[in-house]
Each structure stands twice: as C-alpha cells, then as structure tokens.
Amino acid sequence: MSLALKVLVALVAGLALGLGLTSYSTESANAVAGALQPVGTLWVSAIRMAIIPLVVSSLLLGVGGAPDARTVGVLGAKGLAMFLAALTAAGLFSVAIAPFVFSGLNIDPAAAESLRAGAAQAGASAVEGAKQLPSVTQWIVDLVPVNPIKAAADGALLPVIIFSIAMGAALTKVESGRRAALLGVMTAVQEACLIVMRAVIVVAPVGVFALAFVLATRIGVAAAGALATYVVVVCAVSTALCVFVFYPAAVVFGGVKLGEFARAILPAQAVAFSARSSLAAFPAMLTAARGRLGLSEPVIAFLLPVMITMFRAGAVVGQLVGAMFIAKLYGIDLTPMQYATMTVTSIATSFSVPGIPGGSIIMMVPVLLTVGLPAEGVGVLLAVDTIPDMFRTTTNVTADLAGAVVLDRKRVVS
C-alpha cells in the first residue's frame, strides 16, 4: 500500500471512529481524544522543527545558486500575477455561489437572535485581536526583520523569507569560490532537513489518524441548522475551486495529466486536511514536486516556500462566504458595490493572514468593516470554524502545488 493511500485511510478511519465513538459515548471519546492529542501534536511539531532551516536553505540555493538574477525575477513576477489571478477566481467563485445558496436560507428570528447574542463575547475578542494586528504600514515595515534570528524564533516566516531572498541575491555578487562554499553548506543543511522530514513522513498515518480522531470528537453536532448551511457552503466553494480551477489549470497550463497530479498532491492534501496547517503539509509538497511532478529546482526552492506563506486562496473563500452569511444573519442586503469591495479587501488581507488558529476569521474583521457589517458576527463563525478551516487549508495546498506546476521554469521562463 502506498504512503498516500495509507494517509488517506488513516484520515478516514480517524474521522469515522471519532464521530462513531462520540455518538456512542462522549465521555469515552473525550478520553481517547485526550490520549491521542499529544501524538498528533508531536507529529506536527516534528515536521515544523525543520521548516525554518529547510525554507532558508532552499531559498539561498534557489536564489543564490540561480544562473542569473533574471530567472528568479521573472519567476517572482509571474508568480505574483498568478497569485492575483487565482485569488480573484476564488473571490468570483464565492460571490457567484454563496449569495444564491443563502437567498434560500430562512433563519428563524429567535434562532438568529440567539446566535447573535451568543456571538457577542467571542466576536468582541476577535475584534480586539484584529485591532492588535499591525496596520498595513507596520506590516510592510515588519517584512524587513531587524533581527532575522528572532523572526525565525517567533515563527514569522515571511520576514525570514525576505531575508533569505535578499541574502541569496547578494550571494550572486560574491566571488564564485566563496559562494560555492556557502551553497555547499546550504545543500548539506537542506539534505539533512529532508532526511528528517522523510523519517517523520513515514509515520504520517499515525499522526494523521490521531489528528483526525481529535477533530471528529470536537465537531460533534455543534454545526446545526443555519450554521450547517454556512459550513456546507464554505466546504462546497472550496472544493469547487479546486476541482474547476486549480486542477484544470495544472492540466491545461502545467501540462500534467489529471490522474498524475491528483495522485501527487493527495498526501499533502491529507496532511493539510487533518493538521489544518499548510506548513505541516510542506514536506509532502516538496516530495510531490521533486517526485511525481518533476518540477524544476528554481520553482521548488524559491517559489514553493513563498507560496505557502503568502498564497491563501482558501482564506478568500472563507472571508467572503463568512461575510455574506453574517449579512444574512443580521438581515442586511448587500449591494453589488459592497460585493466588489469585500472581494478586493479579502484578496488584500489574505496576504497577511496570521499563522494562528482562526487567523482567516480574525482577518475577516476588516472585510466586514469596509462594507458596514457588524464585526462581532465573527463570533458565530469561530464556534464552527474547525470544518471550514480543514477545507480552506486543503484549498491553499492545492493552489500552491497547482501554481508551482503552472509556473514551472521549464514551461514559462525562457
């Protein structure tokens, strides 16, 4: 049995057993989940411990080892254009599907009032959290880390990427012998990190099973009634975006076969779905890129690390569908201009979603405020964010690998 199939079986088994045991005995399910949670946490931590050195070494090799700066520059420019196109597609998908579904949703006034009242405290916390996030100006300033070591220790991956790209570009100006020496060290660091990652991936079925079981016990029957409709719409739009946009893009513009791409991406999707973390799926993405997909090294070393940090198509879906559900919940009719404003704002904020649980929901606050929707409504969505977050993260990973295939240097860089 292949590793991809083992991971998929572990994911399904964990969800099924978790839901089954929860329906039979909540107490027993919680006890088992309490025992399995450290297993899943340790597995994700084992993956993350090598992420920073792997990203830094990959970028230094990808940029510093490039034959010329033009290769990286062209790839970066094409990558930005593709990001914006894909995020726009995510926004249009959401705006096209969600209003149609929500138009047929009738929410009992008493139930709506109960949801709004229950959301007040959680929503206030989310708004406060959003206020503590840096402004656009401060976010731009923070991209250049004063102390790269501290940024790495804090898990601020984007500033680390900026630093690594700058160092890689500077390396191209260093005398060839000295540059080769440092690149040799970085090659050894990268290979060592990949060895650690491969060892961790071997036990992926165990980690995925543990994470899936714990998630299933938390899902329960919390997402009921109107909230269930919101959850279904987010999941449906995310899935449709992958099936009708990202998969065809990889096939048509990337030149890969559909079955080949689907098999290559499956392990990364399974990890993303269970761990709810694009970073946790990064090793599986690297394996797919170097293995079945056979992508060029500049794409793997330079583009993939940038994409997992900045390219979040799932966040655009989550923010727009969530905002439209809140408008329905509060009985507010949105105008075409408000839909357009929300789409543009969600695309802009998706680049700065913090890497914390519920980060996409917190960053929904600016989207709501731009069109006059009550920001405290995010408290309703936070209560059932587990399932949508699983689909959003899977969408992010799918978009990342599809984008890497499309932007493969062998196809798009002359």
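Just so you know, all these numbers are worked out from the coordinates, no wet-lab data involved. Quick caveat, the model's predicted, so the values are computed rather than measured. Positions of Cβ are generated from backbone atoms using ideal geometry, with glycine treated the same way; all protein chains shown enter the neighbour counts.
Here are some notes:
- Applying 0.36 nm per residue to the separation of residue 236 and residue 335 and subtracting their alpha-carbon distance, the gain on full extension is 33.3 nm.
- Per-peptide average of other Cβ atoms within 10 Å, ordering 295-303, 19-27, 38-46 highest first: 295-303, 38-46, 19-27
- Peptides 257-264, 277-284, 51-58 ordered by packing proxy, namely the average of other Cβ atoms within 10 Å per residue, highest first: 277-284, 51-58, 257-264.
- Compared with the alpha-carbon gap, the fully stretched path from residue 243 to residue 166 is longer by 24.1 nm at 0.36 nm per residue.
- Placing pseudo-labels 7 Å out from each Cα toward the beta carbon at residue 257 and residue 199 gives an inter-label distance of 3.6 nm.
- Distance between modelled label sites at residue 150 and residue 96, nm, 7 Å Cα→Cβ extension: 4.7 nm
- Modelled FRET efficiency - R0 51 Å, residue 42 with residue 106, Cβ distances, 0.05 increments: 0.65
- Global form of segment 153-199, assessed from the alpha-carbon gyration tensor, a/c cut-off 1.5: oblate
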